[in-house]
Amino acid sequence: MDTREAKNSLDKPYSVYEIHLGSWKRANEDKFMSYIDLAEDLVKYLKEMNFTHVEFMPIMEYPYDPSWGYQLTGYFAPTSRFGKPEDFKLFQSG
C-alpha cells in the first residue's frame, strides 16, 4: 500500500497486456496450463516485457472453450479449467 501511488500513478506511462488464459500457452496440445503454472510463466513473461498492468479476459466459468469466456455461467468464481479457485490467488503475489 505504501508504494501504490508511485507504481500506479496516472501521470506515468503504463502498458496493459490483455490475456485469455486458455489460449496464451498450453501444457500440451490438448491440455490447459494450471493457474499455478500460468502464474509462474505469465508473471515472468510480463516482467520481462515490462508490462505494468494485466487485463484478464473473462475467467469465470463458461460452457464452450472457443468462446474465450464470453458466455458466462458462473459469475463469482474463476473457472475450474485451470485449477482450484484458491490457486488463482497466486496471481496477486507476482
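The values are calculated or read from the model by the stated rules, or taken from the named source; none is laboratory data. Worth saying up front: this structure is predicted, and the values here are computed from it rather than measured. Every residue, glycine as well, gets a Cβ built from its backbone with ideal geometry; the counts of neighbours run over all protein chains shown.
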(Q) Among the residues in the stretch 58-68, are any at pLDDT below 80 and surrounded by 14 or more Cβ atoms within 10 Å (Cβ to Cβ)? (A) yes
Q: Please work out if Y45 is part of a helix (DSSP H, G or I) and among the hydroxyl-bearing types (S, T, Y).
A: yes
Q | Selection status of A77, small (G, A, S) and surrounded by 17 or more Cβ atoms within 10 Å (Cβ to Cβ) | A | no
(Q) Every residue in the stretch 50-91 that is polar (S, T, N, Q), within 12 Å of Y35 (Cβ to Cβ) and touching a helix residue (DSSP H, G or I) at 6+ places or on another chain (Cβ under 9 Å), please. (A) T79
Q. Counting only residues that are free of Cβ contacts under 8 Å to residues at least 40 places away in the same chain and under 18 Å from F88 (Cβ atoms), which one in the stretch 1-25 is surrounded by the most Cβ atoms within 10 Å (Cβ to Cβ)?
A. I19
